[in-house]
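Peer 1: Structure provided below as structure tokens; questions to follow.
The values are calculated or read from the model by the stated rules, or taken from the named source; none is laboratory data. From a predicted model like this one, the values you see are computed outputs, not experimental measurements. With ideal geometry, Cβ positions are generated from the backbone for all residues, glycine too; neighbour counts draw on all protein chains shown.
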Amino acid sequence: MAKGDPGAATRSKRAAPRTKRAAATGEPELVQLLTPEGERIESALGPDGTEYRVDFTDEEYRGLYRDLVLVRKLDAEATALQRQGELGLWASLLGQEAAQVGSGRALRTQDMAFPTYREHGVLYCRGIDPIMPLGLFRGVDQGGWDPNEFKFNMYTIVIGAQTLHATGYAMGVAMDGKTGSDEGEAVIAYFGDGATSQGDVNESFVWASVFNAPLVFFCQNNQYAISEPLERQTRVPLYQRAGGFGFPGVRVDGNDVLASYAVTRHALDNARHGQGPSLIEAYTYRMGAHTTSDDPTRYRIASEVEAWQAKDPIARMKAFLTKQQIVDESFFAEVDEQARAESVHLRERVLAMPNPEPVTMFDHVYPNGSPELDEQRAQFSKYMESFEGSAH
Amino acid sequence: MATETLTLGKALNAGLRKALENDPKVVIMGEDVGKLGGVFRITDGLQKDFGDQRVIDTPLAESGIIGTAVGLAIRGFRPVCEIQFDGFVYPAYDQIVSQVAKMHYRSQGKVRIPMVIRIPYGGGIGAVEHHSESPEAYFAHTAGLKVVTCANPQDAYSMIQQAIASDDPIVFLEPKRRYWEKGPVELDAPLAEAYPLHAARVARPGTDATVLAYGPMVRTALDAATAAAEDGRELEVIDLRTLSPLDLTAAYESVKRTGRCVVVHEAPGNLGLGSEIAARITEECFYSLESPVLRVTGFDTPYPAARVEEEYLPDLDRVLDAVDRTFGW
């Protein structure tokens, strides 16, 4: 909204409110509050009759758009850095920005998140310097932010393992008596469609259910586990699996940042109030490769990618902001410029990341150390010193 | 000071009780650890006295036990996980090796996992398959884990408390066939004054050959030493106690005196702890050795049917046979 413009949009000028029941014909049942065309839906019903809605200020809408653009741009920069040999690998979030920003912004300060290795957007929302995961993918460290400081655990590469950690953490929240009020704590576990086949994920469903853990299982169904399509993991919609474990499941349009926010906030608030776990299936699409080592043209067709391109999470938000006159053109340029500047800054800092000293590989193996390791470190140091002054 | 005669199993129970009393963040979790008190009754009575939030009967899923314990540890708890039998730990292997062991390292010291994983291990109780295995090498091979095992009630009592108090993730192996063996336990001795957790100890001094053993095989080695003494040969028996890190200080000193060394364990010989120990003794004591370091171990077969386990397991005669061979080299 342009400042001082008396004719600027107000809420009353927006699209007529309407409530949409999930299960539009031909499309998978999902909660949607913003159509791919940028049309706002006032509220949407989940499979259990829960009515989802958001009530954002214009400033908040703009903030969400800014988040989406920034995380996409930073992600693109990381992909470019990998292509230039500056990162060993990168797992791009391209296409999944809305699921991550929506759920990430739905977290309250006290909530704890357990990510996979692709949650760069959630990491950003948690206030962690976006350079942190790049150290991992550059190979100079293995993570390194403080999970308790940011309430965002380290990345987990082993598929699904973190869902059990999240469950145990959530059990601890309940044991600490930190549920049952608005100030209660909730936990969110991120994982993908492939992970739903893992034993650990299914065990975590069992545990969270029987211990009534304050936990939200947030599954980004991006349709592929590297090359394997969803049909190789499941014959039922993933969100319906929750029913068999005894807690609610809902499928949300994962390319809709508003619906992703609404559904996640509702599930987190239920959890923090002691109403136990739930499963969210954020229905989305991985627009890029699994990682930079992958070639998706070997296993999916261009028309499928194009169909999802039409559901782009940023384009629909941009259309909405424009249609509703919440912003003017200068806003988009300003956001783009900020994204560009931040990505340049990120690049500069990645290039300046030093390699660790080899002897540091011996650090932090054990909190209390080990005499065996101390000896190995001493031998290694002595060996390295023997090269000092030589051409090698 | 209250010294009581307890079985090794009761000593563990007393140690766990003390740990629960001393630190409200200690929680025990596992299959059947609550009302039943564990299949070996090691947690007997603890849920009754500390409640089901401190002594937690878990769903029947080992990876779930360890994985949720990781989360509890991140939350600030000190989980003590019981794996019901050695052969059931493998579903949790990924969580133990890839998560528990590496969390502190990956986080550059920011995340600690002060977890104890209790595993009754070893054979000799006539059990069905998967109930008699010795998986210690899998864990000792993994950086980031520490592995200890007790051989007598006093150590059981103090070592379990030390392990729980340690911030390192520790695999705590309990020699299940020795659960019912009795010994004196000083119940009121301050933990700070207990023998260090990660240190070996001479269990019987001797001059003629060194026998290294741990867990259930310490008793076997001591019996062998008694028998050897009747033949005029004095064996020094060392209870290794800590398998990772290994503490071979006493072993080196001993072998340099005796010139002969036999390592005993139930686990298969191939790439077992004995292999590593033999290599280290050879490197440290090369000029003192009168014979190669010999190993007396389980065979490189799956654990056999119970009716032949006595032939599979190292016993007094096989230990003495190996000692004899070190003299005939």
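To keep it simple, each residue is scored yes or no on (1) farther than 24 Å from A:Pro133 by Cα; (2) in contact (Cβ under 8 Å) with a residue 40 or more places away in the chain; (3) among the basic types (Lys, Arg).
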| position | (1), (2), (3) |
| --- | --- |
| B:Phe88 | yes, yes, no |
| B:Asp94 | no, no, no |
| B:Ser98 | no, no, no |
| B:Val128 | yes, yes, no |
| B:Ser132 | yes, yes, no |
| B:Ala143 | no, yes, no |
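Peer 1: Do we have B:Ser275 as of a type in the set (S, T, N, Q), crowded, with 24+ Cβ neighbours inside 10 Å and either touching a residue at least 12 places away in the same chain (Cβ under 8 Å) or part of a strand (DSSP E or B) (or both) here?
Peer 2: Working: of a type in the set (S, T, N, Q): yes; crowded, with 24+ Cβ neighbours inside 10 Å: no; either touching a residue at least 12 places away in the same chain (Cβ under 8 Å) or part of a strand (DSSP E or B) (or both): yes.
No, not satisfied.
Yes/no matrix, rows are residues, columns are (1) under 16 Å from the mean Cα position of the chain (by Cα); (2) away from every other protein chain (no Cβ under 14 Å); (3) over 23 Å from A:Ala99 (Cα atoms); (4) aromatic (Phe, Trp, Tyr):
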{"residue": "A:Trp145", "(1), (2), (3), (4)": "no, no, no, yes"}
{"residue": "A:Phe150", "(1), (2), (3), (4)": "yes, no, no, yes"}
{"residue": "A:Thr156", "(1), (2), (3), (4)": "yes, no, no, no"}
{"residue": "A:Ala174", "(1), (2), (3), (4)": "no, no, yes, no"}
{"residue": "A:Val187", "(1), (2), (3), (4)": "yes, no, no, no"}
{"residue": "A:Asp193", "(1), (2), (3), (4)": "yes, yes, no, no"}
{"residue": "A:Val206", "(1), (2), (3), (4)": "no, no, yes, no"}
{"residue": "A:Gly244", "(1), (2), (3), (4)": "no, yes, yes, no"}
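Peer 1: Another one. Condition first: more than 14 Å from chain B (Cβ to nearest Cβ), surrounded by fewer than 19 Cβ atoms within 10 Å (Cβ to Cβ) and of a type in the set (Val, Ile, Thr). Can you find one or more residues in the range A:212-229 that meet it?
Peer 2: Yes, the conditions are met somewhere in the range A:212-229.
Peer 1: Being aliphatic (A, V, I, L, M), surrounded by fewer than 23 Cβ atoms within 10 Å (Cβ to Cβ) and at pLDDT 95 or above narrows it down to one of B:Leu36, B:Leu72, so name that one.
Peer 2: None of the others qualify; the one that does is B:Leu36.
Peer 1: Answer yes or no as to whether B:Gln108 is at the interface with chain A (Cβ under 8 Å from one of its Cβ atoms), among the polar types (S, T, N, Q) and part of a helix (DSSP H, G or I). Can you show your working first?
Peer 2: Details: at the interface with chain A (Cβ under 8 Å from one of its Cβ atoms): yes; among the polar types (S, T, N, Q): yes; part of a helix (DSSP H, G or I): no.
The answer is no for B:Gln108.
Peer 1: B:Leu191 is checked against (1) more than 14 Å from every other protein chain (Cβ to nearest Cβ); (2) crowded, with 24+ Cβ neighbours inside 10 Å and fails just one. What number does that condition carry?
Peer 2: Status for B:Leu191: all satisfied but (2).
Peer 1: Report, by residue number, each residue of the range B:219-247 that is hydrophobic (A, V, I, L, M, F, W, C), farther than 28 Å from B:Gly87 by Cα and either surrounded by fewer than 20 Cβ atoms within 10 Å (Cβ to Cβ) or within 14 Å of chain A (Cβ to nearest Cβ) (or both).
Peer 2: Restricting attention to the range B:219-247, the residues satisfying the condition of being hydrophobic (A, V, I, L, M, F, W, C) are B:221-222, B:224-225, B:227-229, B:235, B:237-238, B:240, B:243, B:246.
When the remaining residues are screened for being farther than 28 Å from B:Gly87 by Cα, the result is B:224-225, B:227-229, B:235, B:237.
Across the range B:219-247, the qualifying residues are B:Ala227, B:Ala229.
Peer 1: Which one is farthest from A:Ala213 (Cα to Cα) among residues in the range B:24-72 that are charged (D, E, K, R) and either away from chain A (no Cβ under 14 Å) or outside any loop (DSSP other than H, G, I, E, B) (or both)?
Peer 2: So the residue we want is B:Arg41.
Peer 1: Hey, among B:Ile238, B:Ile277, which residue is in contact with a helix residue (DSSP H, G or I) (Cβ under 7 Å, 6 or more places away or on another chain) and either hydrophobic (A, V, I, L, M, F, W, C) or farther than 24 Å from B:Cys150 by Cα (or both)?
Peer 2: Going through B:Ile238, B:Ile277 in turn, just one is in contact with a helix residue (DSSP H, G or I) (Cβ under 7 Å, 6 or more places away or on another chain) and either hydrophobic (A, V, I, L, M, F, W, C) or farther than 24 Å from B:Cys150 by Cα (or both): B:Ile238.
Peer 1: Out of all the residues in the range A:342-355, is one or more buried (at least 18 other Cβ atoms within 10 Å of the Cβ) and within 30 Å of A:Phe56 (Cβ to Cβ)?
Peer 2: yes
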